[in-house]
1. In nanometres, what is the gap between the two model label sites at Lys9 and Val115, each 7 Å from Cα along Cα-to-Cβ?
2. Given H placed 1.01 Å from N in the peptide plane, which residues other than close sequence neighbours of Thr106 have an amide H under 5 Å from its amide H?
3. Quick check on the stretch 114-160: take the gyration tensor over C-alpha atoms, sort the square-rooted eigenvalues as a ≥ b ≥ c, and tell me if it's rounded (a/c under 1.5), prolate or oblate.
4. Over all alpha-carbon pairs of the stretch 58-178, lay out the pair-distance distribution in 5 Å bins, whole %, shortest bin first.
5. Suppose a student asked you for the relative contact order of the stretch 26-156, using Cα pairs under 8 Å spaced at least 6 residues apart; what percent would you report?
6. Mind putting a number on the dipole of the chain about its Cα centre? Charges go on the C-beta only, +1 for Lys and Arg and -1 for Asp and Glu, and I need it in Debye to the nearest 20.
7. Taking the Cβ of Val57 as the centre, find all other residues whose Cβ is under 15 Å away and add up their charges (Lys, Arg: +1; Asp, Glu: -1).
8. Can you pull the Kirkwood radius for the chain, inverse mean 1/r over Cα pairs, to one decimal in Å?
Amino acid sequence: VIPNATVKKLRDSGLTVYKFEAAKSIADVREKTTLFGKLTGNCAGATAANAWMMENVDAAESATSDVDEPTVLYPLGGGYFAGSDTFVSNVISTAGGQNTLAEDITGFKTVSSEVVVQKNPDMIVFTGSSSYLAGQSPYKSLDAVKNDRTVTVNTDWMNQPAPRSVVFAVRNLTSGFHPDAAESAQFPTRAEAMQTPTSTATPTETATAT
């Protein structure tokens, strides 16, 4: 997170700077993409990106609407995990999973190994930078690791909220949580999504100052 003091220095040096708050959901990503389009004069591009993202979201939710949701754990390393009110948790639920720590923590916080073992989630989501955890305690003792019920997703897709991240995170998680349902999911390409008529935000609208 860029501190406000840094933003002030940039503005004082004559640069035009707009600071975005961290996105905590797919809805936040959609709103920020629209705003980014307005700020840069590329409303059509923002609309196309949002259409591609939301059609993939709809496809995942439709494909997993009638399946049992596995409990899912997302470790970041260092004892930190993703809880409720996070982009990670929202993506997991969109793909048909249930963040097992959503009722225990909000945001990103530390959780003891004892709690992790007690939760014993059905699935664990790793990234390229956290996959080493599978060979360490307490993860190696969990049923998800023993039974190879893990999903590895690109780190950027989980940690950098943006339309592209949403699309590929949701697709990969859906395939990992519900492989049979994912096979029938109609995930559109960006070109296919752009063929669907959508309303374009007008660049003349005034962005709310924050």
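The values are calculated or read from the model by the stated rules, or taken from the named source; none is laboratory data. Because the structure is predicted, anything quoted here is derived from the model rather than measured. So basically every Cβ, Gly included, is an ideal-geometry build from the backbone, and we count neighbours across all protein chains shown. Ligands, DNA and RNA are stripped out before the accessible areas are found, and what is left, the full protein with its side chains, is counted by its heavy atoms. Shrake-Rupley method; radii C 1.70, N 1.55, O 1.52, S 1.80 Å.
1. Going by the 7 Å Cα→Cβ label model, 3.5 nm.
2. When sequence neighbours closer than 5 places are left aside, the close amide H contacts are Ser84.
3. Numbers: a/c = 1.92, a/b = 1.87, b/c = 1.02.
In terms of gyration-tensor shape, prolate.
4. Binned Cα distances yield the sequence 2, 12, 24, 26, 22, 10, 3, 0.
5. Numbers: 186 pairs, mean separation 26.1, N = 131.
With pairs under 8 Å counted, the relative contact order is 20 percent.
6. Numbers: 16 positive and 22 negative charges, 211 e Å.
Using Cβ point charges on Lys, Arg, Asp and Glu, the chain gives about 1020 debye.
7. Details: positive: Arg30, Arg164, Arg171, Arg190; negative: Asp28, Glu31, Glu55, Asp58, Glu61, Glu192.
Net charge around Val57: -2.
8. After inverting the mean inverse Cα-Cα distance, the result is 18.5 Å.
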